[in-house]
């Protein structure tokens, strides 16, 4: 199985409104509730790709109970592929609210901060995490840290996973990413903006190479509609869809992470991993449901992804 | 005790953000959870005024359980004054999200539609309601109807309350208000806009008198910062604060309803009721916490409310 970690899980609410107007009152026409947080989204996509996953992290309070109920009953038609190994916390799991304008699909996001995690809860988590490594083939560490967890938390988890001989992918930002990279994860998957903040280099090729020098074995940078840029032990590649895709980008990054993890456990080469990650990411943007991917579009895009090697001058 | 009915209760969430920007992502700095829906707000204010209240209506699902927990533990420092007689429903109680801009306190409101109420659940509710009338001294029927409840529901409840010899106040809008008025409630408390929609008359004095002719014994129209306009069996009055108050108007209408109910059970005359309702409403606008009232401001405003009699030419 593949283990995904979501320290700041969320009960994701999607509200459909005709159009969001600040300081006005809105009747929400449709409400969708889903278990959320990057690692849970990655697990859902892995399930759709036929991979067994275990999700861990924290869940607490009535919102945490709702999230676990939604996981148990299966969402997106995938009961039984995502196994709940979440650790209880005294505080309540945060909500996120995505307000979608019916007219154009534009989304306004409101994210609660998440519960304070006590030191004893973090200790209970690392014990659980270490136990779960035993049955895992790869590990993904995903998303922001909730309040109370030390900023080197991901570095600590990267070291535990690598000590267990497991490949580990880190998908976070800011100082937790900076510290995590120094612990030498196998893959990081920042977007161009996160990478620019980390390295100070605004040019994505330069920033990607810089991030690799800081310790990550492979850096896969999301360029949004233009695909992925990767600096790996086997070479440099840019993978791009045949044309930039338009749609809802929510979850496109999580789909790329899922494809990269699937590639890690299947032992495919980097060009194949990048092709799948780019196609799956584009197929997620094209799906009418946020965070799901359009299977037909995925199959159709796979043979049409172009791989180029950026100039070595960089 | 005073009985308040909230058929479409809500778990009210207040999100504080620096400023709401459509199509951007926001970190919510502060989250407040409260049991909501107009009748629950009225009950909370009545509790602060020293009146025992019983709240009924529907609650269901995990959000309904959260609402009932918040009621049981007491909110706004008032445990024990609001008694829960909510009736279970299979669907989940709606959430409302109020997004407050830190800069100016402007609020953007997102309201979920509420659960579908089955005919058997409505029958269970009317039985419960009839039973509760036994110990009540006044009844308030508040807010919108959730899906599934017939549009004449409030008219039905007005008749039941009046058959039991109890004074009944109706605070709703649209067709449920139109039908409810025909059942001859003791008081309705529309705002000027709701009244214009009901009567077709945009001029508030004319619309207030028109609404009274349709069947309500007394019509108390909210004029926003300019106070209240009342057409009663004892005469016409306009009650106004010494100057229009600025602040958060959330809950000001519910405070006016609470004061009118307190006046009904205390048997005060109409000028006294209107003075209290206007002062309490203004003190709610002045409170930093939405839906609560500033007690000092309330006491200070009471002797400064002006009562005038509108021209009989209208």
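Bear in mind that the values in this text are calculations on the coordinates, not laboratory data. Note that the structure is a prediction, hence the values are computed from the model and not measured. Here Cβ is always computed from backbone atoms with ideal geometry, including for glycine, and neighbour counts include all displayed protein chains.
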Measuring label to label, 7 Å along Cα→Cβ, what does residue A:302 give against each other copy in nm, shortest first?
7.7
Give the percent of DSSP beta bridges with both residues in the protein assembly as shown that are antiparallel, rounded to the nearest 5.
40 percent
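Beyond 15 Å, what share of the Cα-Cα pairs of segment B:266-314 remains, rounded to the nearest whole percent?
51 percent
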Please report, for residue B:118, the nm distances (one decimal) from its label point, 7 Å out from Cα along the beta-carbon direction, to the equivalent points in the remaining copies, shortest first.
4.1
Over what distance in Å are the Cα centres of segment A:95-129 and segment A:192-248 separated?
25 Å
Spatial extent of the protein assembly as shown: Rg and Dmax, with the Cα atoms as the point set, Å:
28.8, 91
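Between residue A:85 and residue A:217, what length comes free when the chain is fully extended (0.36 nm per residue of separation minus the Cα-Cα distance, one decimal in nm)?
Working: separation 132, 0.36 × 132 = 47.52 nm, distance 2.81 nm.
Between residue A:85 and residue A:217, full extension yields an extra 44.7 nm.
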FRET efficiency, 1/(1 + (r/R0)^6) with R0 25 Å, evaluated for residue B:173 and residue B:103 via beta carbons
0.25
Over segment B:13-118, with a single point scatterer placed on each C-alpha, what log10 of the ratio I(q)/I(0) does the Debye formula yield at q = 0.14, 0.23 1/Å?
-0.63, -1.19
If you take each beta carbon of peptide A:226-232 and count the beta carbons of other chains within 10 angstrom, what is the mean?
0
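Over chain B, what portion of Cα pair distances is larger than 24 Å, expressed as a whole percent?
Counting every Cα pair in chain B, those more than 24 Å apart make up 51 percent.
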For labels at residue B:162 and residue A:21 in the simple 7 Å Cα→Cβ model, what's the distance in nm?
3.6 nm
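Taking R0 as 35 Å, what FRET efficiency do you get between residue A:304 and residue A:30 from their Cβ-Cβ distance, rounded to the nearest 0.05?
Details: r = 33 Å, r/R0 = 0.95.
Result of the calculation: an efficiency of 0.60.
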GNM, chain B, Cα, under 10 Å: largest mean-square fluctuation among B:208, B:250, B:56?
B:250
Shielding score for A:101-110, defined as the mean number of other chain Cβ atoms within 10 Å
4
If the label for residue B:52 sits 7 angstrom from Cα along the Cα-to-Cβ line, what are its distances to the same label in every other copy, in nm to one decimal, shortest first?
6.0
